[in-house]
Every structure is written in C-alpha cells, then in structure tokens.
Amino acid sequence: MDTAGYFIMFLIGLIGSFFSGLLGIGGAIINYPLLLYIPDLLHVGNFTPKEVSEISMFQVFFSSLAGVLAYKKQSKNEKPLMHKGLISNMGISILIGSLAGSVSSKYLPSETINIIYGVLAVIAAIMMMVPNRGSREDTDLRAISYNHVTASVAALLVGIVSGIVGAGGSFILIPIMLTVLKLPTRVTVASSLAIVFISAIGGVTGKLIGGGIPLLPTMFTIFGSVIGAPIGTRVSRYLNVKYLRVALAVLIAATAIKIWWGIIA
C-alpha cells in the first residue's frame, strides 16, 4: 500500500470514529463496508473480510476509548450520562462473548463473516424502526431501572457475533438498550460507548491471538479514529435525541442494503 492508500485508511478511521462519538457506536457499522469496498474501488488496496474484521476491531477499540475519555471530561462540568451499574453488568458479559467470537472468527470462511454482518445490520435497522414505547428521556441515573438478566444475556450474544465481524456491537446493542431495556437515549449513547470499549478489549485480544493483522493500514486507521471520536462526542451534545435515533436508524439501514447487495451480486 502506498501513501495514498494510507491516507484513505486515515480518512476511513476519521469518518467511522466521528460517528462513533456522535451516535455512541464503535464505528464498525460504517468502517466494515468502507474498508471492504473503498480501498479496492480507489485501487489503493484490497482486504478480505477477515482482514477487515481485524482492522475494524482495532479501530473500534481506539475510537471508543477516545469517545469514553471525551464523555468523562465533559461530565466534570455537566450532568453525568454514563450508568456505572449498567456498564458493569453488560460489560462483563460482552467481554466474554467478544473474546469467544473473535477467537472463533479465525476458523470461519470470509463469506460467513460477511453474511453474519449483513444479518446483524438488518436486525439492527428493524429494531431501530420499532417505536420506543415507555422509554424515558429523563437522564437522572438514580431513577433508571432495567432487567439485569436480560441485559447480561443480550450483551453476551451481541459480544459473540460482534467479535466475529470485528465490531464493538453497538449497532445492535443500542437498539436493544432502547427498545428492550427502555433506557433513555442520551444515557444509552454514553453508556454504550463504554460497553463497546469493554467489548473491544475482548475482540482485540482474540484478534491478536489469531494473528495475521495488517499492521500499517491498521495504524493509520487508528490515527484517524483518535481524532474523529472526540469531535463526534462534542457535536452530539447539541443534537436533539430524536434526531440521534433517526440518524442511527438511517445509517444502519443504508449499511445493511450495501452489505447484502455485495453478498447477492
């Protein structure tokens, strides 16, 4: 890969991490198709789905870390939005699942990884279209309650499949937190970023165990991620929660269509 290719990788990391901070996602929902199609389209590189999942997982790790740090910095002067109990509860489960899924991805065909990603994107898009009945927009963390067992089981399953495709899992985790656990949108966005970071720890560990990571492309993607996530986090503070939800639904739907078009075509 030449200089132009590394610059493209930097831009992909920047774009994905910006939306990571903006919408509380790890960025893989955007980066997976970008990494799979854009370098090849511009003739600067070509990555297999397995390599894409490896690069994407490292990008998710650093972009979610940057996003978490940005939220914690803002919380010093503003009302805190990260629910520590929720993060601890779902974080342990998603860490175990992500590690297991990441290690197992080494033994799966590339076509299977693409299909799993496509299925996840469709499910997430549908869930985001379901009315959020009973959801509260109150961000008083002490008043928030949820089903702990449901949260743990959901996080474990999300961790397994997201570890396979190299994602933090937030593109399916957020709809679950909104529609099933019925958590406030802003608390969901902030807390999911921390949960995704924990998921990425397991995912990165699994990818390192598997080996074969394209080092330089991954590094340039990470550079972009570290810059983009804090910018997205800051911008999210000024957006209406309804627009955040709609934007995420549109984003997931568009990605699902693109992925399945590539699988079928």
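Taking the range 212-244 only, how many residues are open to solvent by 30 Å² or more (accessible area, probe 1.4 Å) and either within 15 Å of the chain's Cα centre (by Cα) or not basic (Lys, Arg) (or both)?
Qualifying residue count, the range 212-244: 16.
From Lys207, Lys258, which residue is open to solvent by less than 40 Å² (accessible area, probe 1.4 Å), basic (Lys, Arg) and touching a helix residue (DSSP H, G or I) at 6+ places or on another chain (Cβ under 7 Å)?
From the options Lys207, Lys258, the qualifying one is Lys207.
List pairs: first residue in the range 185-200 and touching a residue at least 40 places away in the same chain (Cβ under 8 Å), second residue of a type in the set (D, E, K, R) anywhere in the structure, Cβ distance under 8 angstrom, at least six positions apart or on different chains.
Thr185/Glu137; Thr185/Arg245; Arg186/Glu137
So which pairs qualify, if the first residue must be in the range 105-124 and of a type in the set (A, V, I, L, M), the second must be in a helix (DSSP H, G or I) and surrounded by fewer than 17 Cβ atoms within 10 Å (Cβ to Cβ), the Cβ gap must be under 8 Å, and the two must be at least 6 apart or on different chains?
Ile115/Ile263
The values are calculated or read from the model by the stated rules, or taken from the named source; none is laboratory data. Since the structure is predicted, the reported quantities are computational estimates derived from the model, not experimental observations. Every residue, glycine among them, receives a Cβ derived from its backbone with ideal geometry; neighbour counts consider all protein chains shown. Keep in mind that these areas ignore ligands, DNA and RNA; they rest on the heavy atoms of the full protein, side chains included. Shrake-Rupley method; radii C 1.70, N 1.55, O 1.52, S 1.80 Å.
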